[in-house]
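Scroll down for the structure; my scribbles are underneath it.
The values are calculated or read from the model by the stated rules, or taken from the named source; none is laboratory data. Owing to the predicted nature of the structure, the values given are computational and were not obtained by experimental measurement. As a convention, Cβ positions derive from the backbone with ideal geometry for all residues, glycine included, and neighbour counts pool all protein chains shown. Side chains are part of the model used for accessible areas, which takes the heavy atoms of the whole protein and leaves out ligands, DNA and RNA. Shrake-Rupley method; radii C 1.70, N 1.55, O 1.52, S 1.80 Å.
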Amino acid sequence: MRSDSVYELPKDLPVPQDDGACAHLSGMKLPRVTLASTAGRSVELAQAKGRTVVYIYPRTGRPDQDLPTGWNAIPGARGCTPQSCAFRDHFEELKSAGTAQVYGLSTQDTAYQREAVERLHLPFEILSDEKLEFTRALRLPTFEVDGMVLIKRMALIVRDGVIEKVFYPVFPPDRNAGDVLAWLTSRNGVIGN
């Protein structure tokens, strides 16, 4: 068992800086890539209708497993479980603000992700980009640790297959869902939104 909690953020985490790695994303059409879902189906985000929120995170930790080497020292790495829990807690508000669907996305395999969905009682699907096809097609920023290639944390608001808004870098991760909700709420009442 770990000595820390996957559900809480340590107080002294390094803050990620905006390195410009997502500057190209706003206005891009999503690639026609099929992703495995924790619901046992395939999802092609490019085909999603309406407004979709996709929060992207490096990897969820498990209470019975140690963190990757130096995890807390990597800016933006720690906090996937608190981020997922915040999207769970704001799920109904996100739907009320006009979101047709919410997805989480990481490079972990679906079996690993399914454990997190069940343990955290997530009301939405998590998508696996285990083969990095979606990541490479969009040129998403990644980092490596312990032989794993992981995506840097971000959130995308997609409308009819086109990226409308990018949240990057995300810090602290447990505030990301609230920031997304605030943006969506501010768009309500804007003509064409």
If you wrap region 33-136's Cα atoms in a convex hull and average its projection over all directions, what's the area in nm²? 7.0
Lys and Arg at +1, Asp and Glu at -1: neighbours of Ile74 with Cβ under 12 Å from its Cβ sum to +2
Carbon/sulfur accessible area of region 7-125, % of total, 1.4 Å probe, equals 49
Out of residues 5 or more away from Leu127 or on other chains, whose amide H comes under 5 Å of its own, with H placed 1.01 Å from N in the peptide plane? Gly104, Leu105, Ser106
Residue-by-residue Karplus 3J(HN,Hα) for region 59-70, coefficients 6.51, -1.76, 1.60, Hz, glycine and proline x: 5, 7, x, 10, x, 9, 10, 6, 5, x, 3, x
Rounded, prolate or oblate: pick one for region 1-83, where a ≥ b ≥ c are the square roots of the eigenvalues of its C-alpha gyration tensor, a/c under 1.5 means rounded, and failing that, prolate if a/b is larger than b/c, else oblate. oblate
Accessible-area ranking of Arg175, Arg88, Arg51, largest first, probe 1.4 Å: Arg175, Arg88, Arg51
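For region 23-78, what does the accessible surface come to per residue with a 1.4 Å probe? Please give it in Å².
Numbers: 2460 Å² over 56 residues.
Result: 44 Å² per residue.
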Distribution output for region 90-193: share of Cα-Cα pairs per 10 Å bin in percent, first bin at 0, values 13, 42, 36, 9, 1
Please turn the phi angles of region 139-144 into ³J(HN,Hα) values with the Karplus equation 6.51 cos²θ - 1.76 cosθ + 1.60 (θ = phi - 60°), one per residue in order, whole Hz, x for glycine and proline. 6, 6, x, 10, 8, 10
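I need the semi-axes of the equivalent ellipsoid of the chain: take the C-alpha gyration tensor, multiply each eigenvalue by 5, square-root it, list largest first in whole angstrom. Show your work: numbers first, answer last.
Values: eigenvalues 122, 64, 59 Å².
The equivalent ellipsoid of the chain has semi-axes of 25, 18, 17 Å.
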Starting at the first residue of region 89-97, write each ³J(HN,Hα) from the Karplus equation 6.51 cos²θ - 1.76 cosθ + 1.60 with θ = phi - 60°, in whole Hz, x for Gly and Pro. 5, 9, 3, 5, 5, 4, 5, 5, 7
Rg ratio (alpha-carbon, reference 2.2 N^0.38 Å) - region 5-50: 1.77
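Contact order normalised by length for the chain, with contacts defined as Cα pairs under 8 Å and 6 or more residues apart; what percent is it? Numbers along the way, then the final one.
Values: 361 pairs, mean separation 61.7, N = 193.
Answer for the chain is 32 percent.
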Considering the zone a paramagnetic label at Asn72 would reach in this model (a point 7 Å from Cα along the Cα-to-Cβ line), which residues of region 1-44 have amide N under 11 Å from it? 3-5, 9-14
Compactness of region 49-107 as Cα Rg over 2.2 N^0.38 Å, two decimals: 1.32
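Please state the charge dipole magnitude for region 1-150, taken about the Cα centre, from unit charges on C-beta atoms (+1 on K and R, -1 on D and E), reported in debye and rounded to the nearest 20. Please list the in-between numbers first.
Working: 17 positive and 20 negative charges, 113 e Å.
Roughly 540 debye, rounded to the nearest 20.
Working out 0.36 nm times the residue gap between Glu44 and Lys11, then minus their Cα-Cα distance, what length gain in nm do you get to one decimal? Provide the component values of the computation, followed by the final result.
On the way: separation 33, 0.36 × 33 = 11.88 nm, distance 3.74 nm.
Full-extension gain reported as 8.1 nm.
For region 94-193, with every protein chain kept in place, what is the accessible area per residue (1.4 Å probe, Å²)?
Working: 4330 Å² over 100 residues.
Averaged over the residues of region 94-193, the accessible area is 43 Å².
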